[in-house]
1. Assess whether ASP147 counts as being over 28 Å from ASN52 (Cβ atoms) and in a helix (DSSP H, G or I).
2. Within segment 9-32, can you find the residues that are over 15 Å from SER128 (Cβ atoms) and touching a residue at least 24 places away in the same chain (Cβ under 8 Å)?
3. Need pairs with beta-carbon distance below 7 Å; first residue on the phi < 0 side of the Ramachandran plot and within segment 124-135, second near the ligand (Cβ under 10 Å from one of its atoms) and hydroxyl-bearing (Ser, Thr, Tyr); sequence gap 6+ or separate chains.
4. Could you identify the single residue in ASP200, ASP143 that is out of contact with any Asp or Glu (no Cβ under 6 Å at 6 or more places or on another chain) and either surrounded by 13 or more Cβ atoms within 10 Å (Cβ to Cβ) or touching a residue at least 40 places away in the same chain (Cβ under 8 Å) (or both)?
5. Out of ILE88, ILE127, which single residue is buried (at least 22 other Cβ atoms within 10 Å of the Cβ) and under 29 Å from VAL172 (Cβ atoms)?
6. Can you name the condition, by its number, that LEU98 falls short on among (1) within 20 Å of TYR126 (Cα to Cα); (2) not in a helix (DSSP H, G or I)?
7. Quick one: would you say ALA122 is under 19 Å from the mean Cα position of the chain (by Cα) and either more than 16 Å from the ligand (Cβ to nearest atom) or of a type outside the set (Ser, Thr, Tyr) (or both)?
8. Might you check whether a residue that is of a type outside the set (A, V, I, L, M, F, W, C), part of a helix (DSSP H, G or I) and within 16 Å of the ligand (Cβ to nearest atom) occurs anywhere in segment 134-143?
Amino acid sequence: MKLFVDTGDLEEVRQAAEWGILDGVTTNPTLIAKTGKGFRETVLKICELVPNGDISAEVVATDYDTMLKEALEISSWNPQIVVKVPLIEPGIRLVSTLADKGIRTNVTLVFSLSQALMAAKAGATYISNFVGRVDDMSDDGMDAVVDTVRMVQEYGFESEVLVASVRHPLHVVQAIQAGAHVSTMPLKIMQMLFKHPLTDSGLKRFLDDWNAAGLSIFEKASV
Ligand code: G3P
């Protein structure tokens, strides 16, 4: 499964990229607005920090003509860019147009299987299925992910299912169990994926025993 970090913060991108496990970055208008910097410069710096990654950058118009202009502008900045498009009627029309031109898309704000069908049929590269925002409404956001993965497999769609609005490591585990292709998450959730208390206590014991024995990896060879 691919791992994307969901942020516009360059320091966070740098940190996740250093681990060597990052496959891409997703941004949205809210995350870009938080940076206090320009959209183009932020997206291009992210591309530099993750040179082989897919970097999602979102259009902000809601009418087809302006969305198309924005999409063509954004996609011209760097071939790594995947144009993020909201799941509204002109958005689906835009995804079809961009697919015909070979421009990759990430359809966002997808909450249901019927919406996912529209995105898949239009030729979306990624279908961003939001889970946390559905859980917030005391529903199970992962249900649509399970159904969408099954739909993509059964009908042979080329779209990849991207689990977004990830709020905790269990969402990541459930995304893997559902067979989703990608999970995107804030850096703090990605950091939590490393953690296990038995790792910490186990490492402490190894090091305490080693140090108590006075050992060193760099000791001089005995004569
Ligand atoms: O980029 C979309 C996304 O992952 C949103 O997450 O936490 O704002 O629901 P959240």
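1. Considered against the rule, which asks whether it is over 28 Å from ASN52 (Cβ atoms) and in a helix (DSSP H, G or I), ASP147 comes out as yes.
2. ASP9, LEU10, GLU12, VAL13, ARG14, GLN15, ALA16, ALA17, LEU22, ILE32
3. That search, which allows pairs on different chains as well, returns SER128/THR108; PHE130/SER165; VAL131/SER165; GLY132/SER165; ARG133/SER165.
4. ASP143
5. The match here is ILE127.
6. Going through the list (1) within 20 Å of TYR126 (Cα to Cα); (2) not in a helix (DSSP H, G or I), LEU98 breaks only (2).
7. So ALA122 fails the test.
8. yes
Bear in mind these aren't lab numbers, they're just calculated from the coordinates by the rules spelled out. If you're wondering where the values come from, they're calculated on a predicted model, not measured in any experiment. As a convention, Cβ positions derive from the backbone with ideal geometry for all residues, glycine included, and neighbour counts pool all protein chains shown.
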